[in-house]
Amino acid sequence: MEDSVIPFLEKTLQRIPSSSLKSILSEWGFLSAEQLQDLHFQQSKHILHNKVLAFCEENGVRIRHVIQLDMIYNHEYPNKRNWSVYQFSGQEDDALVLNMTEFSQKFKVNLKDLLRHVSIGMKKCEDDAVWIRVAWGDNFTKPNQFKPTYVVYQLQTPYVFISNLNVKHRPLLSQALVIATKHDEIKEIQLRGRCLKSLKDLVLRRYKQSFQTYQPKPLQERHCPERDQGIVHEHAKRLADLKEVATQTFGDGPLPKLETAVFKLETKFKDPENRILTNRPEPFRCAVKFSSPSFLESLKSLVTLGIASAPVSPLLSSIPQKARNHFVISERGPGVPSTPAP
């Protein structure tokens, strides 16, 4: 048994919520049916984990088995990670007709040619997505299983979603992905968030398929003094107009979930009364960050309630259409920063 397998298994078990432990262990399939029946999931997490560890040691658990468990957990709880979206370009003629076996072999061979010690796990899921787990080492140290990079490649699309990738490993992963998917280039498109499904909905334009989930109940009629009728009517008309503006801007269905929107300003400072800053050759820089558990829904609600002014600034209202939430505003206008391949 490898020296690091038990600490790795302990760390993985600690992340799994108690409510999902039974289903995830069953999907893992490493424990026998008898061992699963012997586990009492109502017990404390500490006692339960110790029993699972004992069963795993008894079954001769290896690193590759724990990697499978970690991938099942991350597939079940993708929103525990921060994801960045990348896009391929310059595809070959047969790039969309991807053979899974060929893709897997090319990716693994290329990455292992570039790096001596690297651990790669791969799994194709039912939603036409290939999940890849890469634990990085180098030519002298073994892979660090505690800080892996996760890659989700959506088949038949030019998009890939990457979590926990540092600058050192970007060129290596970039080359392996480009070769395996038969493309020429890959670049970040400045769309980031925790909700993997929402990021997919934005780039694949699936957020327009909306369904109304809330059916408002009609208000009961009540007798109002005649002098208040005009005020009530005016207020109702204003709310109706605001709701119409919000619907025209964001649609009438649920919006993709983004936690942030970041705008970076890089322009010349222009103020005739402040010559010190105006005469500076370098641009004036600042950043504005909006944060919310669901930024687009919050913005829509603010417009509907009349708290935010309407119509909404195109810088904000264009986020779903552009599928971006990181922008740089320069002398040429709003855009996205150019970034190297991952």
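Here are some notes:
- Distant-in-sequence amide contacts of Gly253, defined by a placed amide H-H separation under 5 Å and a gap of 5 or more residues or a different chain, comprise nothing.
- Virtual spin-label span in nm between Ile47 and Arg15, 7 Å along Cα→Cβ: 2.7
- Note on segment 235-271 and segment 128-156: Cα centroid distance 37 Å, given to the nearest whole angstrom.
- Amide H to amide H, with H built 1.01 Å from N, Leu265 comes under 5 Å of Cys286, Ala287, Val288, Ile329, counting only residues 5 or more places away or on other chains.
- Note on Arg280 and Leu239: the extension gain reaches 10.1 nm, defined as 0.36 nm multiplied by sequence separation minus the Cα-Cα distance.
- Accessible area in the full protein assembly, largest first, 1.4 Å probe, for Phe146, Phe269: Phe146, Phe269
- Once divided by 2.2 N^0.38 Å, the Cα radius of gyration of segment 83-138 becomes 1.27.
- Summary value for the chain: 16 percent relative contact order, contacts being C-alpha pairs under 8 angstrom separated by 6+ residues.
- Segment 1-140, relative contact order [Cα under 8 Å, separation at least 6], %: 21
- Applying 1/(1 + (r/R0)^6) with R0 = 22 Å to the Cβ-Cβ distance of Cys125 and Phe146 gives a FRET efficiency near 0.40.
- Calculated log₁₀ intensity ratio I(q)/I(0) where the Debye formula runs over C-alpha points of the chain, q = 0.12 Å⁻¹: -1.01
- Accessible area of Lys147 (1.4 Å probe, protein heavy atoms only, ligands and nucleic acids ignored): about 140 Å².
- With each label modelled as a point 7 angstrom along the Cα→C-beta vector, the Ser23-Ile6 pair spans 3.2 nm.
The values are calculated or read from the model by the stated rules, or taken from the named source; none is laboratory data. If you're wondering where the values come from, they're calculated on a predicted model, not measured in any experiment. When we count neighbours, we look across all protein chains shown, and the Cβ atoms used for this are built from the backbone with ideal geometry, even at glycine. The area values use the complete protein model at the heavy-atom level, side chains included, leaving out ligands, DNA and RNA. Shrake-Rupley method; radii C 1.70, N 1.55, O 1.52, S 1.80 Å.
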